[in-house]
1. Of all the helices (runs of 4 or more DSSP H) wholly in region 260-356, which have at least 3 residues that are under 30 Å from residue 52 (Cα atoms)?
2. Looking only at region 152-207, filter to residues that are of a type in the set (Ser, Thr, Tyr) and without any contact (Cβ under 8 Å) to a residue 24 or more places away in the chain; which one of those is least open to solvent (accessible area, probe 1.4 Å)?
3. Considering region 308-346 alone, what residues qualify as being within 27 Å of residue 63 (Cβ to Cβ) and open to solvent by 10 Å² or more (accessible area, probe 1.4 Å)?
4. Only one of these conditions is not met by residue 58: (1) free of Cβ contacts under 8 Å to residues at least 40 places away in the same chain; (2) assigned to a helix (DSSP H, G or I); (3) open to solvent by 40 Å² or more (accessible area, probe 1.4 Å). Which number is it?
5. Please count how many residues of region 208-228 are open to solvent by 40 Å² or more (accessible area, probe 1.4 Å) and closer than 18 Å to residue 244 by Cα.
6. Could you list all residues from region 35-49 that are crowded, with 17+ Cβ neighbours inside 10 Å, of a type in the set (Gly, Ala, Ser) and either free of Cβ contacts under 8 Å to residues at least 40 places away in the same chain or part of a helix (DSSP H, G or I) (or both)?
7. Confirm whether residue 148 is open to solvent by 10 Å² or more (accessible area, probe 1.4 Å) and either in a helix (DSSP H, G or I) or out of contact with any Ser or Thr (no Cβ under 6 Å at 6 or more places or on another chain) (or both).
Amino acid sequence: MTHPGTLILIMAVAVLAPLLAHGARRWARIPLVIFEIVLGILIGPDVLGWAQHDEVIDTLSELGLSMLIFLAGYEIEFAAIRGDILRRSVWAWLVSLALGLTVALALTGMDLAKSVVIGTALTSTALGTVLPILRDSGDLRGRFGTVMMAFGAVGEFGPIIAMAVLLSGRDPGVSTVVLAAFALITAAAIYWALRPHPPWFAQIIRTTLHTSGQFAVRFVMLLLVAMLALSHVFGLDVLLGAFAAGLLTRLVFQGAAPDSAEQVLGKVEAMGFGFLVPLFFIVTGINFDLASLLDGGRALLLLPVFLLLFLVVRGLPAYALAPRDLNPSDRRALTLYSSTCLPLVVAITTIGLDEGVLQKGEAAALVGAAMVSVLVFPLLALRVRAKAGETTISDRTAPESEAW
């Protein structure tokens with residue numbers, strides 16, 4: 001490790017962030033990820049300059065992103081999001097993709113390569129980022145949580161598929177064939193996961209769950225690494241493998257060891273949210289090109305434009321195609337949560353920079369707008385839901401008060 005002090009600094013920030021989030025609760029419920037990103041920017045090269053780039057830290061950050069997408073995939077409950085909800089969420093994303101590509105073509109002066117990068121980035125939903133916020137606020141339960149999971153899952157999975165087809169550097173037809181081959185292998189793995197497993201499998205999970213053996217956790221990591229490797233072999237983005245690994249892992253444990261599934265998830269979440277995921281967000285802040293954003297006037301002007309486009313391109317289709325039984329406040333909250341993005345925007349802009357399609361200022365504006373979306377949209381969604389809850393309570397108590 002070239003700069004061990006940077007890793008110590010990152011972990012110190014990871015410890016400080018929840019303390020700040022807890023202390024801020026007396027004024028507002030600010031998502032933890034906000035503090036992680038902002039503190040990362042603060043210690044980064046463009047502000048204090050304390051943190052240094054390191055290959056080991058960058059690798060750990062990529063693992064953190066993979067773990068974030070893995071956990072998002074694990075949370076998907078097929079039984080809950082199938083049918084009308086799934087159809088609506090898929091159509092909402094397809095409308096977002098068409099709208100995003102159209103807007104990007106107009107914004108870039110019909111530059112197709114750049115439009116594909118920007119248009120795809122505008123369609124993403126940071127389900128992995130939003131999930132902890134939903135879980136902590138209690139919004140993950142109930143009808144709203146089910147709808148949000150469906151729209152968020154498609155908003156996470158759809159751009160990954162688009163990246164594999166449109167941003168792989170291969171002919172779209174070849175990319176589609178490769179993607180179909182990956183899907184076929186994944187489907188075979190899912191078929192295996194759904195088959196009855198021998199009794200010893202559940203037995204060894206239970207007996208090693210609280211020992212140094214930790215068979216279940218090691219098995220989870222094997223599935224994750226195997227799917228990441230499969231993605232790499234097929235020349236696909238590893239995030240596709242991470243998402244597929246999450247789906248596969250849930251099916252395995254819900255079928256083979258349902259009594260232990262929650263405990264296993266708790267251990268994996270502890271590893272993810274306790275180390276790898278915060279490291280990803282802090283490193284995202286450290287790597288953020290603040291100088292390019294502030295040096296060029298155009299890049300700074302693009303930031304609010306992209307932020308508005310996240311709402312228009314991703315949020316409005318979600319609002320329009322949300323299930324009809326959602327009340328207006330839940331629709332507004334769904335719009336804001338669906339428009340929250342960051343991890344895939346970072347991945348997509350990185351591809352755009354590597355291929356020379358995006359300029360540094362444009363990439364910084366996109367990532368900066370995505371950061372602001374994480375900073376602002378969940379807070380607004382929480383406030384919308386909270387205000388609606390207060391209104392509902394007051395409406396219910398009003399007749400009793402009048403009667404009294």
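The values are calculated or read from the model by the stated rules, or taken from the named source; none is laboratory data. All figures in this text were calculated on a predicted structure; none of them were measured in a lab. Virtual Cβ from ideal backbone geometry, glycine too; neighbours counted across all protein chains shown. The area values use the complete protein model at the heavy-atom level, side chains included, leaving out ligands, DNA and RNA. Shrake-Rupley method; radii C 1.70, N 1.55, O 1.52, S 1.80 Å.
1. Details: elements: 277-287, 290-295, 297-309, 316-321, 328-338, 343-354.
Qualifying helices (runs of 4 or more DSSP H): 277-287, 290-295, 297-309, 343-354.
2. 175
3. Matches in region 308-346: 346 only.
4. Single failed check for residue 58: (1).
5. Step one: filter region 208-228 for residues open to solvent by 40 Å² or more (accessible area, probe 1.4 Å), giving 210-212, 214-215, 218, 221-222, 225-226.
Cutting the leftovers down to closer than 18 Å to residue 244 by Cα gives us 218, 221-222, 225-226.
So the count comes out to 5.
6. 40
7. Details: open to solvent by 10 Å² or more (accessible area, probe 1.4 Å): no; either in a helix (DSSP H, G or I) or out of contact with any Ser or Thr (no Cβ under 6 Å at 6 or more places or on another chain) (or both): yes.
So residue 148 does not fit the description; no.
Quick grid of which residues meet (1) hydrophobic (A, V, I, L, M, F, W, C); (2) free of Cβ contacts under 8 Å to residues at least 12 places away in the same chain:
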residue	(1), (2)
4	no, yes
33	yes, no
51	yes, no
65	yes, no
73	no, no
